[in-house]
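Chemist: Have a look at this one.
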Amino acid sequence: METPGFLPMARLQTLIDTLIDDGFRCVAPQVRDGAILYDTLDKVKQLPKGVTQEQSNGRYRLHQTDSTRNFAWANGPQAIKPLTFAPREELWYSEVKSDGSLKFYQAPTETEPVAILGVRACDLAALALQDQHFQHSFPDPYYDARRKRLLLIAVHCTHPAETCFCASTGDGPEARSGYDLSLYETDLGYFVTAGSLAGEMLLHRLPLEAGDAALFAAARGETGAAADAQQRQLPEGDLQAMLFGNLNHPQWQAVAERCLSCGNCTQVCPTCFCHSENSVPSISGQSTAHERQWDSCFSPGHSYIHGITLRKDTASRYRQWLTHKFGSWHEQYGRSGCVGCGRCISWCPVGIDPTEELAVICKDSAGDSA
Amino acid sequence: MHNLEKKPRIAVHKFSSCDGCQLAFLNLGGDLLELTRRVEIMHFLEAGLDAPEAEVDIAFVEGSLSTQDEIERIRKVRESSRYLITIGACATAGGLQALRNLDNQHEQWRDAIYAKPEFIKTLNHARPIADEVRVDFELWGCPINSRQLLAAINSLLFGVPPIDDRDKVCLECKRQQRVCVMVTEDKPCLGPVTRTGCGALCPSFGRDCYGCYGPADNPNTASLSKRFAGLGLLPQAIARRFLLINSAAPAFHDAGLIARSGVSGDDSDD
Ligand code: SF4
Ligand code: SF4
Ligand code: SF4
Ligand code: SF4
């Protein structure tokens, strides 16, 4: 790769200012309540400078270092998903007219332009999967409007967490596509590349300097080292066949002993798209809003049909989570639904790790998968 | 609304409780006036309406059954109501008062606490309403909130059963995009076994849920107890997590007693 232009650390604010001048709300990582969260930002100094993190099963901690870097950490609990697939939103509402008839209205969609600075490779891959679901399989005007307003600025990952396994899923740590602009972070500044026409136009307005080839090689090397440092991985082979060939594996029951059926794994997973809908009538009884909210295969409502909850116990719910995410996604969307972000491991209150469960469940049948 | 005679009638009854759940009505403020265009409130002492015997379509009942008199009274309420809905932890699961069920020292406590114990006529155990009469729907929480209340009233007015949302607090906690206090701060949060409804209030303020909405669907208290032990909680401390607001709700009661017997840290289930 040719050496990209270089944006010195001290000039990062120019990027943010340009975005804001162009009418974007800039959303970027910040430290909130002990985690790295994405929220509106207008000053570089709000970025998590020098912050690193430590993650393991059911555990997440931030540490302050004197590093000059702003992106020396792996993902926190959420990134892009809440900005495209809202945790709760109104879809439509209706009201009773004076002649007694009902009138229905579609809820307004969000169109405010949003630029997200600091998107990770895993989340870009997850976004592509959500696009398949919400823009192609089941076109959704609310998702579509939020999605189209996004400008995505990736920062290639150099500090994976112990829970990350994006190298094994082929989705990171270096972002390959799906971004408008991408940044390789070094102690001194950023190498900037464009991934779209909008990114190209933005890049040309930045005060870039000629980049140093050796420094760029070192920066790219860091993403490679980040891949090599990852410990976890998905089992080799046809996961869909292995999972569906093991529906009665005793491990489903074993994991159900530990699993709280709390749904945290699915809520932090950047590709999970399940939701439920309900009506919220007004106190006057003259109008009602129809809302949708994130749901989970761990909830009783998820498998409720005509008076019965089909998956009552945790073993069947946990099995639904893994057989869908790592199995039938292949059929549905041509790949596994996992981008290796490791969130489900860190944010599971009891630290259950799907890669470990998969290893046990798929081990016995690695042979019959062919 | 067109025919005043047809306006559904409601009553709000109080048993052994702190009155906090009734505030879910009063906190509606202006909306309470709006509500009275659709329903007629017959009995609600806290709002100055005194007709406990009135026949009603929906009776809301706050408080546990703690005296013999209350047992007689709840039977009458049941007879004069089409639907009976319990509001809050006391009515639904016995509430804080049910803590006294745990040590069987009712007389000793009574005599120690009250200056003139001879005037105190309480039952040994505080019990939920459903122990005595049929309950049509339960609103959990200590206290409940106006949102739950309105959803239940609206459903009944539209002629459909209210939604019994038994999801866990965690689901809502994540929808609210709160940072998990157990994962980041090792706080012993009961969210993973507690019923949703509060809007994940405690984690929103950086606190661990203490289970005031009672047990959720499918609560794995054994695994959570083990996790609490891993966080360094001693068996008595784990027991106190479960034996608090909803100590008489079976799932929390059993988890508390198991923890108290000291076996929470391992897998034995003797
Ligand atoms: S399954 Fe887990 S590791 Fe995979 S994308 Fe979802 S949250 Fe990330
Ligand atoms: S695997 Fe963990 S996060 Fe997922 S439902 Fe079970 S306990 Fe909750
Ligand atoms: S803070 Fe409590 S309620 Fe929220 S996700 Fe964590 S365990 Fe669940
Ligand atoms: S978080 Fe738990 S204790 Fe706090 S209000 Fe909600 S249910 Fe009650």
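The values are calculated or read from the model by the stated rules, or taken from the named source; none is laboratory data. No experiment lies behind these values; they were computed from the predicted model shown. Note that each Cβ is placed from the backbone with ideal geometry, even for glycine, and that neighbours are counted across all protein chains shown.
Chemist: Go through the stretch A:244-277 and give me each residue that's surrounded by fewer than 21 Cβ atoms within 10 Å (Cβ to Cβ) and within 7 Å of chain B (Cβ to nearest Cβ).
Modeler: Within the stretch A:244-277, A:Glu257, A:Arg258 meet the criteria.
Chemist: Having 3 or more residues that are among the polar types (S, T, N, Q) and more than 30 Å from A:Gly100 (Cβ to Cβ) is the bar; report the helices (runs of 4 or more DSSP H) wholly within the stretch A:242-355 that clear it.
Modeler: Correct list: A:264-268, A:314-322.
Chemist: In this structure, does A:Gly178 turn out to be within 16 Å of ligand 1 (Cβ to nearest atom), buried (at least 17 other Cβ atoms within 10 Å of the Cβ), in the same structural domain as A:Leu19 (by TED's automatic domain parsing) and not hydroxyl-bearing (Ser, Thr, Tyr)?
Modeler: Details: within 16 Å of ligand 1 (Cβ to nearest atom): yes; buried (at least 17 other Cβ atoms within 10 Å of the Cβ): yes; in the same structural domain as A:Leu19 (by TED's automatic domain parsing): yes; not hydroxyl-bearing (Ser, Thr, Tyr): yes.
Yes: the conditions hold for A:Gly178.
Chemist: Name the pairs whose Cβ atoms lie under 8 Å apart, with the first residue in the stretch A:141-158 and among the hydroxyl-bearing types (Ser, Thr, Tyr), the second at pLDDT 95 or above and in a strand (DSSP E or B), and 6 or more positions between them or separate chains?
Modeler: Partner pairs satisfying both residue conditions: A:Tyr142/A:Glu89; A:Tyr142/A:Leu91; A:Thr158/A:Glu185.
Chemist: Scanning for something out of contact with any Leu (no Cβ under 6 Å at 6 or more places or on another chain) and closer than 29 Å to A:Glu277 by Cβ, does the stretch B:128-138 turn up at least one residue?
Modeler: So far as the stretch B:128-138 goes, yes, one or more of its residues are out of contact with any Leu (no Cβ under 6 Å at 6 or more places or on another chain) and closer than 29 Å to A:Glu277 by Cβ.
Chemist: Same structure again: Go over the candidates A:Phe165, A:Phe85 one by one and state the one that is within 16 Å of ligand 1 (Cβ to nearest atom), closer than 30 Å to A:Gly351 by Cα, away from every other protein chain (no Cβ under 14 Å) and among the aromatic types (Phe, Trp, Tyr).
Modeler: The unique qualifying residue is A:Phe165.
Chemist: Suppose we keep only residues that are at the interface with chain B (Cβ under 10 Å from one of its Cβ atoms) and surrounded by 17 or more Cβ atoms within 10 Å (Cβ to Cβ) within the stretch A:288-300. Which one would you say is farthest from the chain's Cα centre (by Cα)?
Modeler: In this case the residue turns out to be A:Thr288.
Chemist: Looking only at the stretch A:275-334, how many residues end up being within 16 Å of ligand 2 (Cβ to nearest atom) and either in the same structural domain as A:Leu129 (by TED's automatic domain parsing) or charged (D, E, K, R) (or both)?
Modeler: The qualifying residues number 7.
Chemist: Same structure again: It is to be established whether one or more residues within the stretch A:176-185 are in a loop (DSSP other than H, G, I, E, B), out of contact with any Lys or Arg (no Cβ under 8 Å at 6 or more places or on another chain) and of a type in the set (Phe, Trp, Tyr).
Modeler: Yes: one or more hits.
Chemist: Would you confirm whether or not the stretch B:148-159 contains a residue that is part of a loop (DSSP other than H, G, I, E, B), over 21 Å from B:Asn27 (Cβ atoms), more than 13 Å from the chain's Cα centre (by Cα) and at pLDDT below 95?
Modeler: Filtering the stretch B:148-159 down to residues part of a loop (DSSP other than H, G, I, E, B) leaves B:158-159.
Narrowing the set further to residues that are over 21 Å from B:Asn27 (Cβ atoms) leaves B:158-159.
Remaining after also requiring more than 13 Å from the chain's Cα centre (by Cα): B:158-159.
Next, only the ones that are at pLDDT below 95 stay: B:158-159.
Yes, the conditions are met somewhere in the stretch B:148-159.
Residue-by-condition table, conditions (1) more than 16 Å from ligand 1 (Cβ to nearest atom); (2) of a type in the set (A, V, I, L, M); (3) closer than 25 Å to A:Ala256 by Cβ; (4) in contact with a Cys (Cβ under 9 Å, 6 or more places away or on another chain):
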| position | (1), (2), (3), (4) |
| --- | --- |
| B:Ser204 | yes, no, no, yes |
| B:Cys212 | yes, no, no, yes |
| B:Pro219 | yes, no, yes, no |
| B:Lys226 | yes, no, yes, no |
| B:Ile238 | yes, yes, yes, no |
| B:Phe242 | yes, no, yes, no |
| B:Ala249 | yes, yes, yes, no |
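Chemist: Turning to a different aspect of this structure: Could you tell me how many of the residues in the stretch B:181-224 are buried (at least 24 other Cβ atoms within 10 Å of the Cβ), away from every other protein chain (no Cβ under 11 Å) and hydroxyl-bearing (Ser, Thr, Tyr)?
Modeler: Count: 1.
Chemist: In contact (Cβ under 8 Å) with a residue 40 or more places away in the chain and touching a helix residue (DSSP H, G or I) at 6+ places or on another chain (Cβ under 7 Å): does that describe B:Gly206? Give the derivation first.
Modeler: Working: in contact (Cβ under 8 Å) with a residue 40 or more places away in the chain: no; touching a helix residue (DSSP H, G or I) at 6+ places or on another chain (Cβ under 7 Å): yes.
The answer is no for B:Gly206.
Chemist: What residue, among those in the stretch B:11-40 that are of a type in the set (A, V, I, L, M, F, W, C), within 14 Å of chain A (Cβ to nearest Cβ) and without any contact (Cβ under 8 Å) to a residue 40 or more places away in the chain, is nearest to B:Leu150 (Cα to Cα)?
Modeler: Just the residues of the stretch B:11-40 that are of a type in the set (A, V, I, L, M, F, W, C), to begin with: B:11-12, B:15, B:18, B:21, B:23-26, B:28, B:32-33, B:35, B:39.
Filter once more, so that each one left must be within 14 Å of chain A (Cβ to nearest Cβ): B:24-25, B:28, B:32-33, B:35, B:39.
When the remaining residues are screened for being without any contact (Cβ under 8 Å) to a residue 40 or more places away in the chain, the result is B:32-33.
On the way: B:Leu32: 10, B:Leu33: 13 Å.
Among them, the one singled out is B:Leu32.
Chemist: Here's something else I'd like to know. Within the stretch B:17-134, considering only helices (runs of 4 or more DSSP H) that don't extend past its boundaries, which have at least 1 residues that are among the charged types (D, E, K, R) and over 22 Å from the mean Cα position of the chain (by Cα)? Give the steps one after another, and end with the answer.
Modeler: On the way: elements: B:23-26, B:30-35, B:68-79, B:88-93, B:106-113.
Fully inside the stretch B:17-134 and qualifying: B:30-35, B:68-79, B:106-113.
Chemist: Suppose we filter A:Ala35, A:Ala74, A:Ala79 for residues that are within 28 Å of A:Glu356 (Cβ to Cβ) and either surrounded by fewer than 16 Cβ atoms within 10 Å (Cβ to Cβ) or free of Cβ contacts under 8 Å to residues at least 60 places away in the same chain (or both); which single one remains? Quick ask: steps written out before the conclusion?
Modeler: On the way: A:Ala74 fails: either surrounded by fewer than 16 Cβ atoms within 10 Å (Cβ to Cβ) or free of Cβ contacts under 8 Å to residues at least 60 places away in the same chain (or both); A:Ala79 fails: either surrounded by fewer than 16 Cβ atoms within 10 Å (Cβ to Cβ) or free of Cβ contacts under 8 Å to residues at least 60 places away in the same chain (or both).
Answer to the check: A:Ala35.
Chemist: Is at least one residue of the stretch A:257-270 farther than 19 Å from B:Pro192 by Cα, within 16 Å of ligand 2 (Cβ to nearest atom), modelled with pLDDT of 95 or more and in contact with a Gly (Cβ under 7 Å, 6 or more places away or on another chain)?
Modeler: Scanning the stretch A:257-270 turns up no residue that is farther than 19 Å from B:Pro192 by Cα, within 16 Å of ligand 2 (Cβ to nearest atom), modelled with pLDDT of 95 or more and in contact with a Gly (Cβ under 7 Å, 6 or more places away or on another chain).
Chemist: Follow-up. Mind checking which residues of the stretch A:55-107 are among the charged types (D, E, K, R), in a loop (DSSP other than H, G, I, E, B) and closer than 30 Å to A:Leu150 by Cα?
Modeler: Within the stretch A:55-107, A:Arg69 is the sole residue that qualifies.
Chemist: Scan the stretch A:23-44 residue by residue and report those that are in a strand (DSSP E or B) and of a type in the set (Phe, Trp, Tyr).
Modeler: Correct list: A:Tyr38 only.
Chemist: Can you find, within the stretch B:192-205, the residue that is farthest from B:Ala222 (Cα to Cα) among those that are within 16 Å of ligand 2 (Cβ to nearest atom) and assigned to a loop (DSSP other than H, G, I, E, B)?
Modeler: Of the residues in the stretch B:192-205, the ones within 16 Å of ligand 2 (Cβ to nearest atom) are B:192-196, B:200, B:203.
Filter again for assigned to a loop (DSSP other than H, G, I, E, B), leaving B:196, B:200.
Values: B:Thr196: 20, B:Ala200: 22 Å.
The residue in question is B:Ala200.
Chemist: A follow-up question, please. Would you please list the contacts, defined by Cβ atoms under 6 Å and residues six or more apart or on different chains, that run from a residue in the stretch B:159-180 that is more than 7 Å from every other protein chain (Cβ to nearest Cβ) to a residue that is away from ligand 3 (no atom under 11 Å from the Cβ)?
Modeler: Once the first residue is more than 7 Å from every other protein chain (Cβ to nearest Cβ) and sits in the stretch B:159-180, its partners that are away from ligand 3 (no atom under 11 Å from the Cβ) give B:Pro162/B:Phe137; B:Pro162/B:Ala152; B:Pro162/B:Ser155.
Chemist: Looking at B:Asp208, B:Asp164 in this structure, which one is of a type in the set (Asp, Glu), under 17 Å from B:Ala93 (Cα atoms) and more than 15 Å from ligand 2 (Cβ to nearest atom)?
Modeler: Criteria check complete, one pass: B:Asp164.
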